[in-house]
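Below: one structure, written as structure tokens.
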Amino acid sequence: MDSNVDLLFLSQSDVEKCGGNNINFIIDIIEEVISLHDKKDYVLPTKSSLRWGGIDAETTSGRINSMPGFIGGRFQSSGIKWISSAPNNPFKYNLPRAAGLIILNNPDTLLPEVVMDGTLISAMRTGAVSGVVTKHLAKKESSILGLVGAGVQNRTQLMAIKAACQTIKTVKVADLNIDRAKDFCEDMKIAMKNVTFEIVDSAELAVRGSDIFVTATVTEKPIVQKEWVDKGSLHIHVGSHECEFDVIEQADKIVVDDWVELKHRGVETISIMYKEGKFDPSNIYAELGTIVNGKKLGRENDDERIYFNSVGMGIEDVAVAKCIYDISKEKQLGQNLNLWSSPSFV
């Protein structure tokens with residue numbers, strides 16, 4: 001019997017050629033994953049974080065997350081994302097803050113069969129979650145989007161939200177680094193037609209008056225205050241401890257992706273509230289999958305303040321990676337790497 005084992009390596013360029021930068025493609029996959037999550041057709045071990053110090057150290061020295069999972073449905077795929085986050089990378093080394101790899105395993109032998117860039121997939125799928133959220137929880141005629149943070153993550157947030165809500169006409173951008181905000185706006189203007197970009201001087205100005213606003217920062221202290229949040233707005237909380245407790249308390253609906261995982265991760269505002277005994281989980285209106293599957297209504301009127309927080313799930317990365325892998329085989333992309341010609345031990 002031939003015991004030679006190869007695995008396929010897909011670079012970021014290969015991933016792009018297979019649709020990894022197509023936001024509509026990714027949104028459709030993620031909505032399907034969120035539906036399967038509600039149907040319990042998945043296995044999701046808790047996210048493991050390697051860090052040098054306590055939770056607060058993540059904003060300075062960074063961390064590396066290990067995110068395994070199995071997703072069912074048409075995907076039937078198991079794998080893991082190993083992704084680092086080094087906040088100083090863009091400023092000290094001109095490198096991305098986040099960088100990752102995804103490994104998928106053969107469903108029969110469980111041997112690794114593909115290793116691919118996970119940096120692009122991770123950014124795109126995180127943005128795509130917000131595309132799904134926007135579809136179900138934003139006002140139908142939302143026209144103003146506020147972005148707090150001008151890093152890579154808010155680029156894919158913008159891509160996904162605009163894809164899900166074509167009525168967005170104005171994007172307000174706030175960042176502590178004005179040059180980064182300018183670069184962000186100049187870059188995104190090229191991709192976004194019929195959209196006006198405004199650089200604003202504060203997070204408050206990005207939040208006030210926005211139909212949808214996103215916080216995607218590495219702040220150590222809460223930014224968003226209760227008084228800034230208008231009726232009818234959708235707050236998409238992407239980072240860690242980015243808002244005051246009463247921002248969540250005043251929301252008409254609180255929606256999460258996976259409450260068990262949020263509690264375990266422990267760095268988001270809602271998780272910190274819970275640990276301090278200041279949040280009752282019964283106040284969560286729904287996990288997103290129940291809304292996607294029509295078990296609960298999403299937005300019911302234009303006055304609701306809706307707050308959404310996600311922990312990010314490895315099954316999302318695995319599902320996207322599986323689709324990319326299937327396309328790569330059709331296109332005959334990637335590089336075969338030999339794991340072994342004959343195993344040392346059987």
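The values are calculated or read from the model by the stated rules, or taken from the named source; none is laboratory data. Keep in mind that what you see is a predicted model, and the values were worked out from it rather than measured. Methodologically, a virtual Cβ is constructed for each residue, glycine included, from the backbone with ideal geometry; neighbour enumeration extends over all protein chains shown.
A few points about this structure:
- Single residue of region 26-59 satisfying the filter (free of Cβ contacts under 8 Å to residues at least 60 places away in the same chain and under 29 Å from PRO90 (Cα atoms)) that is surrounded by the most Cβ atoms within 10 Å (Cβ to Cβ): ARG51
- Qualifying strands (runs of 3 or more DSSP E) (wholly inside region 157-234; at least 2 residues being within 11 Å of ILE144 (Cα to Cα), modelled with pLDDT under 95 and assigned by TED's automatic domain parsing to the domain that holds ARG97): none
- Whether a residue is assigned to a loop (DSSP other than H, G, I, E, B) and either at positive phi or touching a helix residue (DSSP H, G or I) at 6+ places or on another chain (Cβ under 6 Å) (or both) was assessed, and GLY289 does not pass this test.
- Of all the criteria given as (1) closer than 22 Å to VAL218 by Cβ; (2) assigned to a loop (DSSP other than H, G, I, E, B), the one not satisfied by ASN301 is (1).
- Members of region 115-145 found to be over 17 Å from VAL238 (Cα atoms) and more than 17 Å from the chain's Cα centre (by Cα), listed by number: VAL115, MET116, LYS139, LYS140, GLU141, SER142, SER143, ILE144
Conditions (1) in contact with a strand residue (DSSP E or B) (Cβ under 6 Å, 6 or more places away or on another chain); (2) at pLDDT below 95, marked per residue:
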{"position": "ARG265", "(1), (2)": "no, yes"}
{"position": "TYR285", "(1), (2)": "yes, no"}
{"position": "THR290", "(1), (2)": "no, no"}
{"position": "LYS295", "(1), (2)": "no, no"}
{"position": "GLY298", "(1), (2)": "no, no"}
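- Residue that is among the hydroxyl-bearing types (Ser, Thr, Tyr) and assigned to a loop (DSSP other than H, G, I, E, B), where the choices are SER328, SER344: SER344
- Here THR170, THR119, THR134 are screened, and the one residue that is in contact with a strand residue (DSSP E or B) (Cβ under 9 Å, 6 or more places away or on another chain), more than 25 Å from VAL311 (Cα to Cα) and among the hydroxyl-bearing types (Ser, Thr, Tyr) is THR170.
- If you go through region 255-284 and pick out every residue that is assigned to a loop (DSSP other than H, G, I, E, B) and touching a helix residue (DSSP H, G or I) at 6+ places or on another chain (Cβ under 9 Å), you end up with 10.
- Residue selected from region 116-141 under the condition assigned to a helix (DSSP H, G or I) and among the basic types (Lys, Arg), by the criterion nearest to ASN22 (Cα to Cα): ARG125
- Failed criterion for ASN338 (all others in (1) within 20 Å of the chain's Cα centre (by Cα); (2) in a strand (DSSP E or B) hold): (1)
- Every residue from region 75-107 that is modelled with pLDDT of 95 or more and among the aliphatic types (A, V, I, L, M): ILE80, ILE83, ALA99, LEU101, ILE102, ILE103, LEU104
- In the set (1) closer than 29 Å to GLY289 by Cα; (2) touching a residue at least 40 places away in the same chain (Cβ under 8 Å), ILE64 fails one condition alone, (2).
- Members of region 194-231 found to be closer than 15 Å to CYS165 by Cβ and crowded, with 18+ Cβ neighbours inside 10 Å, listed by number: SER210, ASP211, ILE212, PHE213, VAL214
- When we screen ALA191, ALA251 for residues that are exposed (fewer than 14 other Cβ atoms within 10 Å of the Cβ), of a type in the set (A, V, I, L, M) and under 23 Å from the mean Cα position of the chain (by Cα), the only hit is ALA191.
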